[in-house]
Each structure stands twice: as structure tokens, then as C-alpha cells.
Amino acid sequence: MGFGHLRVSLPAACGTATACSCRATGLVQDAVREVLEAVYEQDFLPCSFGFRPKRSAHDALRALDRAVYQCRAEWILEADVVSFFDSVDRKTLTEMLRVRIADGSLLRLVGKCLHVGILDGTEYSEPGEGTTQGSALSPLLGNVYLHYVLDTWFHREVLPRLRGRAELIRYCDDFVVVFERRDPAPGQNTADSVWATKRDGQSRPQILRLPGLHHLLV
């Protein structure tokens with residue numbers, strides 16, 4: 001069975017064009033998504049809200065509201081991952097999927113969905129990275145990737161190194177971190193050095209759009 005996507009560019013608020021794809025084989029990808037969703041909904045952390053069953057942007061806003069008051073927020077960091085869906089490293093993503101998916105046939109099917117060709121107007125291309133934004137699988141695969149490189153990392157590596165409370169709220173590739181205090185925990189450097197400990201691919205701070213990061217966290 002062949003896979004292909006027709007890509008349509010939509011104007012974004014920032015003035016750039018956001019590429020979305022119209023699914024030509026949506027039934028296959030929907031079926032794969034349902035299988036993967038049943039597995040990963042058991043793993044995803046409560047801080048993740050985007051493209052998940054019974055979770056919405058309104059739920060994320062309510063969580064942010066609670067975090068601001070419960071953490072008595074002194075500093076709030078807002079960020080998003082630049083060109084996330086177009087730049088996900090497929091090899092790394094596949095390794096992440098192998099942690100929970102042992103079925104080789106399912107993994108190969110996901111691989112076929114990732115390596116689809118894209119028709120953008122009259123131009124046909126086969127991107128070597130990314131999750132094909134607009135496909136049925138793309139949001140879920142994005143959540144899997146960020147579950148490991150952001151959500152889990154934040155709770156295991158960042159929180160223990162901060163003084164005071166902090167909470168992460170993520171909606172797909174956009175996220176907010178609420179900090180009770182700006183100063184580091186005893187024996188640690190400044191909080192921005194905690195972010196700098198991340199060194200694997202898309203999770204590196206330099207590919208995040210972090211307005212005023214140095215001013216906020218130093």
C-alpha cells in the first residue's frame with residue numbers, strides 16, 4: 001500500500017506559513033494511532049495536554065492558573081520548540097518507540113507512515129526528518145518524543161535542582177514553566193544551567209524560542 005500526503009500552506013499569526021498535509025491514507029494512520037495511544041496514555045505525564053483524549057487547551061489553562069497560585073509564582077517561562085514537527089529526529093523517535101513497542105510489524109508500519117512523500121503544489125519531496133505535520137500520527141508521535149526529552153527530563157533532572165516549587169504545563173510543542181523562586185538550590189548553579197544540561201537533539205535550549213530566558217533565570 002502506498003502512502004502520500006498533499007500539503008497545504010496556511011498563514012500563521014507570526015506571518016510565516018504553516019504547512020499542513022491532507023491525508024490520502026488516513027484510515028491506516030488512524031488505526032496505528034489508536035494502537036499507540038492505548039499504550040502511551042498509560043505513560044504520559046499529567047503535565048501534557050495537547051492532542052490527548054479528554055484533555056484540551058482549556059484544561060491546560062486551568063492547570064496553569066492553579067500552578068501560578070499554588071507555586072506562588074515569581075517567574076514564568078513561556079517557550080516553544082522551533083519547527084518541531086519538521087525537525088524531529090526519526091532515528092531517535094524510533095528508539096523511543098522501541099522502549100514500549102515490541103511488535104516489529106507495528107514499528108515498520110510507523111516507519112512507513114513517517115517516510116511518506118509530500119506533494120506541495122507541484123513539488124514532490126520526501127523529507128528525511130520530521131513527523132509530517134497534519135498527518136493523523138504526527139501529534140501522538142510528537143507527544144511521545146517530548147514525553148522523553150522534555151516532560152520526563154524536567155521531572156527527573158530539573159525539579160531536584162531547583163529551590164522552591166516549579167511546574168511544567170505543555171500543550172504539544174508549546175509549554176510554560178512556573179517557578180516559585182528564581183534562585184538555584186544549594187550547591188547548584190543558576191537555573192539556566194539546569195536547562196543547559198539537556199544535550200540531545202531537539203531538546204537543546206538553542207532550538208527553543210525562549211523569550212528573555214537569560215534575564216528570567218540568571
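The values are calculated or read from the model by the stated rules, or taken from the named source; none is laboratory data. This one's a predicted model, so the numbers in the text were calculated from it and none came from an experiment. Note: ideal-geometry Cβ built from the backbone for every residue, glycine included; neighbour counts use all protein chains shown. The protein model used for the area step is the full one, side chains on, heavy atoms only, and it has no ligands, DNA or RNA in it. Shrake-Rupley method; radii C 1.70, N 1.55, O 1.52, S 1.80 Å.
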Could you check, for region 124-136, whether at least one of its residues is among the hydroxyl-bearing types (Ser, Thr, Tyr), modelled with pLDDT under 90 and open to solvent by 20 Å² or more (accessible area, probe 1.4 Å)? yes
Do any residues in region 53-74 that are free of Cβ contacts under 8 Å to residues at least 24 places away in the same chain and farther than 11 Å from residue 167 by Cα have Cβ atoms under 6 Å from those of residues that are open to solvent by less than 100 Å² (accessible area, probe 1.4 Å) and among the hydroxyl-bearing types (Ser, Thr, Tyr), where the two are at least six apart or on different chains, and which pairs are they? none
Scanning region 69-99 for residues that are part of a loop (DSSP other than H, G, I, E, B), β-branched (Val, Ile, Thr) and either open to solvent by 20 Å² or more (accessible area, probe 1.4 Å) or farther than 24 Å from residue 43 by Cα (or both) gives 82
Some residue of region 194-217 being at pLDDT below 65, crowded, with 20+ Cβ neighbours inside 10 Å, more than 21 Å from residue 93 (Cβ to Cβ) and in contact with a Ser or Thr (Cβ under 8 Å, 6 or more places away or on another chain): yes
Residue 66 in a helix (DSSP H, G or I) and at pLDDT 95 or above: no
Pairs returned, first residue in region 27-46 that is open to solvent by less than 30 Å² (accessible area, probe 1.4 Å) and at pLDDT below 95, second residue that is polar (S, T, N, Q) and not in a helix (DSSP H, G or I), beta-carbon separation under 9 angstrom, 6 or more apart or interchain, are 29/135
Does at least one position in region 178-189 carry a residue that is more than 18 Å from residue 29 (Cα to Cα), at pLDDT 80 or above and not charged (D, E, K, R)? yes
May I ask you to verify whether residue 102 is open to solvent by 70 Å² or more (accessible area, probe 1.4 Å), assigned to a loop (DSSP other than H, G, I, E, B) and among the aliphatic types (A, V, I, L, M)? yes
